[in-house]
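We did not get these values from a lab; they are worked out from the coordinates using the rules stated. Because the structure is a prediction, the values reported are computed rather than measured. Every residue, glycine among them, receives a Cβ derived from its backbone with ideal geometry; neighbour counts consider all protein chains shown.
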Amino acid sequence: MSELNELYQQVILDHNKNPRNYGALKPCTHFSEGFNPLCGDHFDIYAVMDGDTIKDISFEGSGCAISKSSASIMTSLVKGKTKAEAETMIEQFQDLVTMPMDQQPDEDKLGKLAVFAGVREFPARIKCASLAWHTLKAAIEQQPKAISTE
Amino acid sequence: MNALKESMQAFDINSIRKDFPILNETVHGKTLVYLDNAATTQKPEQVIEAMNAYYRHTNSNIHRGVHLLSEKATQQYEEARKKVARFIGAPKTQEIIFTRGTTDAINLLAASFGKKHIQAGDEILISAMEHHSNIVPWQMMCEERKAVLKVVPIDDDGSLNMEAFEQLLSEKTKLVAIVHVSNSLGTINPVKDIIQKAHAKNIPVLLDGAQAVQHLPVNVQELDCDFYAFSGHKLFGPTGVGVLYGKESWLKDLPPYQGGGDMILNVTFEKTTYNELPYKFEAGTPAIAEVIGLGAAIDYISGIGMKQIETRESELLAYAMKRIAAIPRVTIIGTAAHKSSVVSFVVDGVHPHDMGTILDREGIAIRTGHHCTQPVMKRFGIPATSRVSLAFYNTEEELDTCVKAIEKAIQLFV
């Protein structure tokens, strides 16, 4: 059961039950739609950018606990950050969930992101965790089309 | 009553389970509980051994060589065709075409039937509970030939709306393609009625039997269907092999699907003469070992008896429906009166994907997602379901284990 506890940490369960920054943000300056055709997970990301700063951000849609909590935690983390800072976080997140199991993630550097280290044990769930991040990337880089993790 | 008692005595679950070596596997330290039989079934020793023996002792190409091994391989391959014909009650062996699976069989029919019989404005009638493999091939064909795909709706309990079906059958309808048993809802469709109504208007019917042949006795003559498709791997046989049955009267006039070796009588650069049935539709070296494996699977389940399997599985299904429906927060999707072997459900507060992961760690294999039936999910307004799907080797104890794990998942998330 320990790997399961590692995957479904309290933080993740909490964000799943009480997602932060949930609901459409209208009007917004940036928007992207993320879709995982294999499992049907679907999240929209709304952002209000002030110059290079993400002034406000929200998400809306449906998905499993991993994808939903990942979106919730992500929006809390990038709110108020610059585009460049958000991009660094996206990279850190991607590196974290694809890092080999025998490597220890740098928890000091990662902060709250580190709760997703447990996803590595569950290869089928990596795409769940990544969906919101891919979608955020598309939103802030303004690629105006639906993003898929497949 | 006595006959029933005798038949149940013949169904020895312990010895049956011993035939399936994988049922002894441990998964994450737990004994495997395999409840994903609608995705693929496990293989008995007899099937594994038949394929093993073929590669060890007979491997050779068929329909060509004059040498002994080729003759033996050909004989075993054609023997399997006879077994399939007997199994589904096909009157003629040449009405059995080996394909790569149900998907391949439907693609074959859509391409070939479309080329011969479909004009602009014609209609193909399918249902809202089709697997993508009985939607997309028709969509592709319709697009190519400017035909129209019509869809029979389903009711809230997951049964086909027969009133709508009758209304949708028109002079323009050229083919009805309907699933025999739904893979995501478990509904057994009233196929005999469907066929009679279609035939009354001279419309042929294809049944997608991918989820039917392993659960119910199927006789294509009694049904009077014009085409019937199914897969080997869902029938306790190997992947990579399936069957398209077609009435000879239809098949003989249909053009070939693929060109190549084995499907020809004579080839020159000017003109090729196609082979007779069924070889006209079997281009290239087929999946010989898999066909032989499928034959062994049919021998195996015929030994148990499809009637017995149907009886045993309806007990198991009733038990599964009762136990799972009784779990708080659970809603079962697909509650038609006539159902087979599938319990699809959603849990308020637990996403199917998370359910699947929790169950997996308990050694329980189920399927979560849209089950290649996205229109069904849309119809019920849900993104996905968790699906428990049964085979005759499953037990009530396994279902108890599964119910306990579902309850555990609910505790974690809610």
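General remarks:
- Built amide H within the under 5 Å cut-off of B:GLY158, gap 5+: B:THR335
- Karplus (6.51, -1.76, 1.60) ³J(HN,Hα), θ = phi - 60°, over region B:309-325, in Hz, Gly and Pro reported as x: 4, 4, 5, 4, 5, 6, 4, 4, 5, 4, 5, 5, 4, 5, 5, 6, 4
- Listed residues B:HIS215, B:HIS351, B:HIS28, most fluctuating in chain B (Gaussian network, C-alpha, under 10 Å): B:HIS28
- For chain A, the mean residue ellipticity at 222 nm estimated from helices alone is -12500 deg cm²/dmol, where every DSSP H run of n ≥ 4 contributes -39500 (n - 2.57) and the total is divided by all residues, rounded to the nearest 500.
- Across A:VAL115, A:VAL11, A:VAL97, mean-square fluctuation computed from a Gaussian network of chain A (C-alpha pairs under 10 Å connected) peaks at A:VAL11.
- Region B:240-281: trypsin sites (Lys or Arg not before Pro) in DSSP loop, at most 16 other beta carbons within 10 Å: B:LYS252, B:LYS271
- Region B:130-211: GluC sites (Glu not before Pro) in DSSP coil with no more than 16 other Cβ atoms inside 10 Å: B:GLU171
- This ranking places B:ARG17, A:ARG125, B:ARG387 by how few other beta-carbon atoms lie within 10 Å of each, fewest first, which gives B:ARG17, A:ARG125, B:ARG387.
- Placing R0 at 35 angstrom, the Cβ-Cβ distance between A:ASP106 and B:THR31 gives a FRET efficiency of 0.35 after rounding to 0.05.
- In nm, spacing of pseudo-spin labels at A:SER62 and B:HIS199 (7 Å Cα→C-beta vector): 4.1
- The phi torsions of region A:75-88, fed into the Karplus equation with coefficients 6.51, -1.76 and 1.60 and a -60° offset, translate into couplings of 5, 5, 6, 8, 4, x, 8, 7, 4, 5, 5, 4, 5, 4 Hz, rounded to whole numbers, with Gly and Pro shown as x.
- Count Lys and Arg as plus one, Asp and Glu as minus one, and take only other residues whose Cβ is under 9 Å from that of B:MET162; the net charge is then -2.
- Label-to-label distance for A:GLN94 and B:GLU310 is 5.5 nm, based on points extended 7 Å past Cα in the beta-carbon direction.
- Residue order, fewest to most surrounding Cβ atoms within 10 angstrom, among B:MET51, A:MET99, A:MET74: A:MET99, B:MET51, A:MET74
- Across region A:2-142, the relative contact order, built from alpha-carbon pairs under 8 Å that are at least six residues apart, equals 30 percent.
- With a simple spin-label model that places each label point 7 Å from the Cα along the Cα-to-Cβ direction, the separation between B:ARG17 and B:ASP253 comes to 5.4 nm.
- Dimensionless Rg ratio for the protein assembly as shown, taking C-alpha atoms and the 2.2 N^0.38 Å reference: 1.08
- Two-decimal log10 I(q)/I(0) for region B:48-303, as the Debye equation yields it once each C-alpha is a single scatterer, q = 0.12, 0.14, 0.16 Å⁻¹: -0.70, -0.93, -1.17
- Relative contact order of chain B, pairs being alpha-carbon contacts under 8 Å that are 6 or more residues apart, as %: 22
- Neighbour cut-off at most 11 other Cβ (10 Å), DSSP loop, trypsin sites (Lys or Arg not before Pro), region B:58-138: none
- Mean ellipticity per residue at 222 nm, deg cm²/dmol - from DSSP H runs of n ≥ 4 across chain B, formula -39500 (n - 2.57): -12000 deg cm²/dmol
- Karplus-derived 3J(HN,Hα) values for region B:149-166, using 6.51 cos²θ - 1.76 cosθ + 1.60 with θ = phi - 60°, are 8, 10, 10, 7, x, 10, 7, 4, 7, x, 9, 6, 7, 5, 4, 5, 4, 5 Hz; glycine and proline are entered as x.
- When the C-alpha to C-alpha distance is required to be over 28 Å, the pairs from B:LYS43/B:LYS82; B:LYS234/B:LYS339; A:LYS17/A:LYS55; B:LYS146/B:LYS192 that qualify are B:LYS146/B:LYS192.
- For B:THR368, B:THR395, order by how many other beta-carbon atoms lie within 10 Å, fewest first: B:THR395, B:THR368
- Figure legend: label point modelled 7 angstrom from the Cα of B:ASP155 along Cα→Cβ; no residues of region B:359-382 have amide N under 13 Å from it.
- Largest GNM mean-square fluctuation across B:ALA212, B:ALA297, B:ALA53, computed for chain B with C-alpha springs under 10 Å, falls on B:ALA53.
- Taking amide H as placed 1.01 Å from N in the peptide plane, A:ASP44 has its amide H under 5 Å from the amide H of A:GLY34, A:GLU60, A:GLY61, each at least 5 places away in sequence or on another chain.
- Overall form of region A:2-142 per C-alpha gyration tensor (a/c, 1.5; a/b vs b/c): prolate
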